[in-house]
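Each remark here refers to the structure printed beneath this line.
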Amino acid sequence: MKKAQSMPLNVIIIAAIVVIVLVVLIVIFSGGIGKFGEDINTQQKGIPCSGSYTIGSSDYPLISRKGECAQYEVQVYGNYDSYKKGEICCRSTLAR
């Protein structure tokens, strides 16, 4: 009778680990890619330059300005649908 040939145990264990890692990577990237697609759609549609911008627990008003931001304001970069020619979106540096 011939001896049956079998794969060494360490090859089987390594293959199982590789399969688990691949499954985890697929789950991570499928969720991450879906979120990335949502962010792209939001940027293409644009958001209004109004309301407030939250940093931590403080709200900072958003203001649409022509030319440049006023004193105590900084420019907020993004795809804002309320832009008109020469307008920028500014955020107050003073919390409400």
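Checked against (1) at pLDDT below 80; (2) under 22 Å from the mean Cα position of the chain (by Cα), Tyr83 passes all but condition (2).
Pairs meeting the criteria (first residue in the range 48-74 and over 17 Å from Gly86 (Cα atoms), second residue of a type in the set (Lys, Arg) and exposed (fewer than 11 other Cβ atoms within 10 Å of the Cβ), beta carbons under 6 Å, at least 6 apart or on different chains) are Asp59/Arg96.
The values are calculated or read from the model by the stated rules, or taken from the named source; none is laboratory data. As the structure is a prediction and not an experimental result, all values here were calculated from the model. Neighbour counts are summed over all protein chains in view; Cβ atoms, including those assigned to glycine, are modelled from backbone coordinates with ideal geometry.
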